Amino acid sequence: MARRLALVLTTALSLALAAVAAPAAAAAPAPVGPEAGEAATALAATYRATARFQRHDEAVKAGYVPDKYCVANRSGPGALGYPHFNHKLDNSVDPAHPTALFYEDDERGGKRLVGVQWLVYDRDQNLATSDDRPTLFGKPFKGPQRGNFPGQPVHYALHLWLWKKNPLGEFETYNPAVNCRPGTVRPTPQV
């Protein structure tokens, strides 16, 4: 068990360093100098902290609540997958404590971890101001944006495609390599 964990951590650190060094399409320039080292350290912390969530039941035990619907990109290709939120971690900018985990179907009836997200509430709840925009991995969060469901505050979000490559860039919201199976997307309310 310890040898397997060491292998996972070594692989995760290697992937983290490669991910920081690799240019991402449509992403902001990679940090240089001390910021690059801080970003690599933060990315390695995220790999270490989320590796255990490869086992779906571990995520549920840790307080991540699964949504029964897959979230598809309604304006283009790809999806987020099945979100699992732990709202106790809202407002976290700790790389080891993302607010959400994203899973996709693994073709065997289970779920495979593909990405993570941090969600931080906008201090003044004003979509026109962004003086409190957080950053992580040297990347600014997207937003401020309206809540995705009734009662969710205006917020900033940062997605990271940590466990499945996103051809558009590791910090893009949707991943065209992730798909929702037919019948798994939340029905659109009829007006």
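Bear in mind that the values in this text are calculations on the coordinates, not laboratory data. Just so you know, these numbers come straight off a predicted model, no measurement behind them.
Miscellaneous remarks
- Length released on extending from Arg108 to Lys68, taking residue separation times 0.36 nm less the Cα-Cα span: 12.7 nm
- In Hz, Karplus ³J(HN,Hα) per residue of the range 128-145 (6.51, -1.76, 1.60; θ = phi - 60°; x = Gly, Pro): 8, 10, 9, 5, 10, 4, x, 9, 7, 6, x, 10, x, 5, 7, x, x, 9
- Here, P(r) means the percent of Cα pairs in each 5 Å bin from 0 to the largest distance; for the range 58-104 it is 5, 22, 25, 21, 16, 9, 2.
- Integer Hz, Karplus 6.51/-1.76/1.60 couplings in order for the range 168-175, x for Gly and Pro: 8, x, 5, 10, 6, 5, 9, 10
- Global geometry of the range 34-121, whether rounded, prolate or oblate, following the gyration tensor of its Cα atoms and the 1.5 cut on a/c: prolate
- Global geometry of the range 113-165, whether rounded, prolate or oblate, following the gyration tensor of its Cα atoms and the 1.5 cut on a/c: oblate
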